[in-house]
Amino acid sequence: MCENCNIVELEKKFEDKKVDLKLIDPILEKYGDVKGSLINILQNIQDVYGYLPLSAMKYVAEKTNNEKATIYGVATFYTQFRLNPIGKYLILQCQGTACHVNGSKEISKAMCEYLKIQPGETTEDELFTLEDVACLGCCSLAPVIMINGEAYGNLTPGKAVQILKDIRKKEKEGAINEN
């Protein structure tokens, strides 16, 4: 490993909630001995937990005889991988050219103010995670956000915040009905 690499500092980037590592044994049985399968392993682990827990990456290093630094390097290089848990609702805010020229920055600002978070963060109640993305491929709907795979287009700051308020209201009503 290089002299400039500091594993302890790198590990601080990863959330390490206690997780059941046995859940990833089937993944390691399937891909563990397959050369060049590290990305597949990490994708499958993220499917299990919703992100890449530090303990799971250490476990993968141990079980596949990969260096921790190699696994951390892949996890931090590719934007598809999440290092921390996400909220129940993942909001992808498009910052592509069409969205940008149609007001995505103002929409982002309004959502950040309403949610009291910045892009890359999760609300305290773990309901929403907001992430900026380069393009959602919905340019004809610009400006657009995607929430858990559903696109919302032709937005204004007010419309975007109203969508979030409606989701929050639905969640509160659901919690009341469950009790």
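Candidates P119, P85: the one that is in contact with a Leu (Cβ under 8 Å, 6 or more places away or on another chain) and closer than 24 Å to R168 by Cα is P119.
Would you check which residues across the range 102-112 are at negative phi and in contact (Cβ under 8 Å) with a residue 24 or more places away in the chain and list them? Spell out the reasoning first.
From the range 102-112, those at negative phi are 102, 104-112; that's our starting set.
Within the range 102-112, N102, S104, E106, I107, S108, K109, A110, M111 qualify.
Conditions tested, residue by residue: (1) farther than 18 Å from I27 by Cα; (2) among the acidic types (D, E); (3) touching a Lys or Arg at 6+ places or on another chain (Cβ under 9 Å); (4) not in a helix (DSSP H, G or I).
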position: Y59; (1), (2), (3), (4): no, no, no, no
position: N66; (1), (2), (3), (4): no, no, no, yes
position: T79; (1), (2), (3), (4): yes, no, no, yes
position: C112; (1), (2), (3), (4): yes, no, no, no
position: Q118; (1), (2), (3), (4): yes, no, no, yes
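Kindly list the number of the only condition in (1) out of contact with any Phe, Trp or Tyr (no Cβ under 7 Å at 6 or more places or on another chain); (2) in contact (Cβ under 8 Å) with a residue 24 or more places away in the chain; (3) within 29 Å of K169 (Cβ to Cβ); (4) among the hydrophobic types (A, V, I, L, M, F, W, C) that fails for C139. Against the list (1) out of contact with any Phe, Trp or Tyr (no Cβ under 7 Å at 6 or more places or on another chain); (2) in contact (Cβ under 8 Å) with a residue 24 or more places away in the chain; (3) within 29 Å of K169 (Cβ to Cβ); (4) among the hydrophobic types (A, V, I, L, M, F, W, C), C139 comes up short only on (3). Among the residues of the range 141-179, the one identified as modelled with pLDDT of 95 or more, β-branched (V, I, T) and over 23 Å from the mean Cα position of the chain (by Cα) is T156. Taking the criterion of being free of Cβ contacts under 8 Å to residues at least 40 places away in the same chain and aromatic (F, W, Y), the residues of the range 62-95 that qualify are F77, Y78, F81.
When only residues in the range 25-41 that are in a helix (DSSP H, G or I) and in contact with a helix residue (DSSP H, G or I) (Cβ under 6 Å, 6 or more places away or on another chain) count, which is farthest from L83 (Cα to Cα)? Restricting to residues being in a helix (DSSP H, G or I) and in contact with a helix residue (DSSP H, G or I) (Cβ under 6 Å, 6 or more places away or on another chain), the top hit is Y31. Looking only at residues of the range 110-136 that are of a type in the set (G, A, S) and surrounded by fewer than 16 Cβ atoms within 10 Å (Cβ to Cβ), we find that the one that is farthest from G149 (Cα to Cα) is G120. Consider Y51 carefully, then state whether it is farther than 30 Å from G32 by Cβ and buried (at least 17 other Cβ atoms within 10 Å of the Cβ). For Y51, the condition - farther than 30 Å from G32 by Cβ and buried (at least 17 other Cβ atoms within 10 Å of the Cβ) - is not met. If you go through the range 22-37 and keep only what is within 22 Å of the chain's Cα centre (by Cα) and either aromatic (F, W, Y) or over 15 Å from Y49 (Cα atoms) (or both), you end up with just S37.
Of everything listed in (1) under 30 Å from K109 (Cβ atoms); (2) outside any loop (DSSP other than H, G, I, E, B); (3) polar (S, T, N, Q); (4) at pLDDT below 95, the single unmet condition for N84 is (2). If you go through the range 96-109 one residue at a time, how many are under 28 Å from F14 (Cα atoms) and buried (at least 18 other Cβ atoms within 10 Å of the Cβ)? Of the residues in that region, 2 qualify.
Given the criteria without any contact (Cβ under 8 Å) to a residue 60 or more places away in the chain and within 15 Å of E131 (Cβ to Cβ), does Q43 qualify? Give the derivation first.
Details: without any contact (Cβ under 8 Å) to a residue 60 or more places away in the chain: yes; within 15 Å of E131 (Cβ to Cβ): no.
Considered against the rule, which asks whether it is without any contact (Cβ under 8 Å) to a residue 60 or more places away in the chain and within 15 Å of E131 (Cβ to Cβ), Q43 comes out as no.
For the range 114-146, a residue qualifies if it is hydrophobic (A, V, I, L, M, F, W, C), closer than 21 Å to T79 by Cα and touching a strand residue (DSSP E or B) at 6+ places or on another chain (Cβ under 7 Å), and the qualifying residues are I117, F128, L130, V133, C135, L136, C138, V144, I145, M146.
The values are calculated or read from the model by the stated rules, or taken from the named source; none is laboratory data. Only a predicted model underlies this, so the values are computations on that prediction, with no experimental measurement involved. Note: ideal-geometry Cβ built from the backbone for every residue, glycine included; neighbour counts use all protein chains shown.
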